[in-house]
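Data block below; observations after.
Please treat every number below as a calculation from the coordinates, not as lab data. The model shown is predicted, which means the values in this text are computed figures rather than measured ones. Here the Cβ is made from the backbone with ideal geometry for all residues, glycine too, and neighbour counts use every protein chain on show.
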Amino acid sequence: MILLYKGVAHSKIVDILMLMERENIQPSPFTYKLLIDLKGRLNDTLGMELVLNTMKDNGVEPDFTTHMMVAKFYISGGLLEKAEEIIRGMEVYVKDKRHAIRSLLDLYAILGRPDDVERIWKSCTEPKLEDFLVAIKAWSKLGRIEQAEETFEALLQTSPNLTSKYFNAMMNVYAENKLLSKGKEFIERMCSSRCPSGPLTWDALVRL
């Protein structure tokens, strides 16, 4: 019911929580996530932190997804120090969860932390195609074109027959950073490599 009311009737959620309290029903981890998401979307940082602390007090340890959600809400609210504290704590998941590396690359790039992006990327000893893709996007957000290009070349060595999806990611790097000449050269490279271009490619070219 909380999921149902989350997008249309926030006041109803309070009624449900009061009912749960009267019936001595312990919220599940999923319920806590819904409440954190609701508070974050309402820009209610104090309320979000209250839910998070209540969750911990009741013996429910926040998982990686919950931490990531909280970090993003802190970032959107301009609370960068709190976001960084959460993100650094998330690094404990790197060894066990491959997707943690991708999330950390993105979050550190949003925070403008090139040293941390480089450190996390170096810890990825056997990167998959999607790992390369996220790293390229992270370097682009930081305006680090050389590192993005190096990552793309390493990706090509790993998998020479890439689809246009990965070429488009590099085109977006040039588009986002307004590098017209590099973008044109890259289009020529795509053509010589017989990589098919599509709407995403031309969209990036228009944005150059």
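Once you've got the Cα coordinates, tell me which of Lys82/Lys122; Lys56/Lys141; Lys33/Lys122 are over 29 Å apart. Could the numbers behind the result be given before it?
Values: Lys82/Lys122 25 Å; Lys56/Lys141 34 Å; Lys33/Lys122 31 Å.
With Cα atoms farther than 29 Å apart: Lys56/Lys141; Lys33/Lys122.
Step through the residues of the range 124-134 one at a time and calculate ³J(HN,Hα) from phi using the Karplus curve (6.51 cos²θ - 1.76 cosθ + 1.60, θ = phi - 60°), rounding each to whole Hz and writing x for Gly and Pro.
These are the phi-based 3J(HN,Hα) values: 8, 6, 10, x, 8, 4, 5, 5, 4, 4, 5 Hz.
Which order do Met48, Met69 fall in if you start with the one that has the fewest other Cβ atoms within 10 Å? Please report the intermediate quantities before stating the final value.
Numbers: Met48 23, Met69 19.
Neighbour counts put them in this order, fewest first: Met69, Met48.
Give the peptides 147-154, 38-45 in descending order of average Cβ contacts within 10 Å, highest first. Walk me through the intermediate numbers first.
Working: 147-154: 18.2, 38-45: 16.1.
By packing density, highest mean first, the sequence is 147-154, 38-45.
Compute the distance in nm between two label points, each set 7 Å from the Cα along the Cα-to-Cβ direction, one at Leu156 and one at Ser192.
0.9 nm
How charged is the neighbourhood of Glu146? Take every other residue with its Cβ under 13 Å from the Cβ of Glu146, and add Lys/Arg as +1 and Asp/Glu as -1.
Details: positive: Arg144, Lys182; negative: Glu118, Glu149, Glu150, Glu153.
Here the count lands on -2.
Just rank Glu126, Glu185, Glu49, fewest to most, by other beta-carbon atoms within 10 angstrom.
Working: Glu126 7, Glu185 12, Glu49 16.
Result, fewest neighbours first: Glu126, Glu185, Glu49.
Enumerate the calculated ³J(HN,Hα) couplings along the range 75-82 in order (Karplus 6.51 cos²θ - 1.76 cosθ + 1.60, θ = phi - 60°), each rounded to whole Hz, writing x wherever the residue is Gly or Pro.
3J(HN,Hα) across the range 75-82, in whole Hz: 4, 5, x, x, 8, 5, 5, 5.
Rank by packing, highest mean first: peptides 170-179, 80-89, with packing defined as the count of other Cβ atoms within 10 Å averaged across residues.
Details: 170-179: 20.2, 80-89: 16.2.
Packing order, densest peptide first, comes out as 170-179, 80-89.
Straight distance only, please: which aspartates and glutamates reach the Cα of Lys39 with their own Cα at less than 13 Å, same-chain residues fewer than 8 apart left out?
Glu49
Please give, to one decimal in nm, the separation of the simple spin-label points placed at Leu180 and Lys128, each 7 Å out from Cα toward the Cβ.
Spacing of the two 7 Å Cα→Cβ label points: 4.0 nm.
Please list 3J(HN,Hα) in residue order for the range 107-118, calculated via the Karplus relation 6.51 cos²θ - 1.76 cosθ + 1.60 where θ = phi - 60°; whole Hz, with x for glycine and proline.
5, 5, 5, 4, 6, x, 10, x, 5, 6, 4, 5
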